[in-house]
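Have a look at the structure below, then the notes.
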Amino acid sequence: MRDFLKSTRFKVMVGFLAFLVGMMVYAVTRGGYSVSGASFINTVTKPFRAASNSISRKMEHTVDKLTNADKYIEENERLKKQIGELNAQLTEYDAIKAEVEELRKFVSIKEEHEDYMLSQPCKVLGYVTNDPFKSFTIDKGSADGIKPNCPVVTSEGLVGITVDVSKHVATVRTILSPDLSVAAVASSSNADQGIIEGNVLSSENGQTKLIHVPKKNKLKRGDLMITAGNSGLFPKDYPIGTILEIGFDSNGLSVCADIQPCVDVNRLTSVIVITDFSGKKEDEENED
């Protein structure tokens, strides 16, 4: 008996009883009000009941997952299938949206230039490997009325010209290339002319150059350069790009300028080929 009275277990029991007595005294003396035995028991046991409820909910959740595992797997597979179907619909929607946008651009060009004979919108198949001037291939060719030396455009501006054409594929040389020269004129004055011709340094920044401009000119930064149309190779007044900086050629005899193309040739997805236009017809007739 003496051993029990000295044991830790006995001391814990005494401490707990003292705690209960203290709670009862506090409840009785608080504000002069008394607390019923049931209320006191509820107060004392509230933390234990909260812990018990928490454990019970966790156990129920665990048992639910174990007993309904097959149901959850089936539901998960059904939701995955639905997500796949929605993704497919979204992809189809994006493709239709892109196609509508290309047709809108096609109609826009046709409305502004009724004399143009245009190909259907051409998808860009890919850029030519190791070409710093961003030549690319399109999914239309001679079977679609495309020939070499046809201007290639978007609704924003001139892109380049077709060079190698097979039955269903064509290669496009862009205005970044030094192998393509385009007579250009300032849209503001329609008098200051030069030649758009690319080089390696400019192409690295997605730009091209305006060269052979007379020293006496009224060109300024921000001026839009458009096709002059005097070669018969390109239609007249089609946008090319805007002037960034103006300087002198290395020989100091003429003015040159950095040109930012209206079309970012680095990010093309589709283009349109001008297969014929009134100026080209007249030029071909004169040659005959």
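How much length is gained if the chain between residue 79 and residue 120 is pulled fully straight, taking 0.36 nm per residue apart and subtracting their Cα-Cα distance, in nm to one decimal? List each step's numbers first, then the result.
Details: separation 41, 0.36 × 41 = 14.76 nm, distance 4.03 nm.
Residue separation times 0.36 nm, minus the Cα-Cα distance, leaves 10.7 nm.
Here the label points at residue 128 and residue 205, each 7 Å from Cα along the C-beta direction, are separated by 2.5 nm in the simple model. Computed extension length for residue 190-residue 212: 6.3 nm, one decimal, from 0.36 nm per residue of separation with the Cα-Cα distance subtracted.
Put in line by how crowded their Cβ is, counting other Cβ atoms within 10 Å and starting with the fewest, 200, 153 read 200, 153.
As a rough guide to protection, the peptides 244-250, 174-180 ranked by mean Cβ packing within 10 Å, highest first, stand as 174-180, 244-250.
For residue 270, nonlocal amide neighbours, meaning residues 5 or more places apart or on other chains whose placed amide H falls under 5 Å from its own, are 124. In a DSSP loop and with at most 10 other Cβ atoms within 10 Å, the GluC sites (Glu not before Pro) in the range 100-159 are 114. For the range 117-287, the calculated P(r) over all alpha carbon pairs, in 5 Å bins from 0 to the bin holding the longest distance, is 2, 9, 18, 21, 19, 15, 9, 5, 1, 0 percent.
Where a number appears in this text, it was derived from the coordinates with a stated rule and is not lab data. Values in this document were obtained by computation on a predicted structure and should not be read as measured data. Methodologically, a virtual Cβ is constructed for each residue, glycine included, from the backbone with ideal geometry; neighbour enumeration extends over all protein chains shown.
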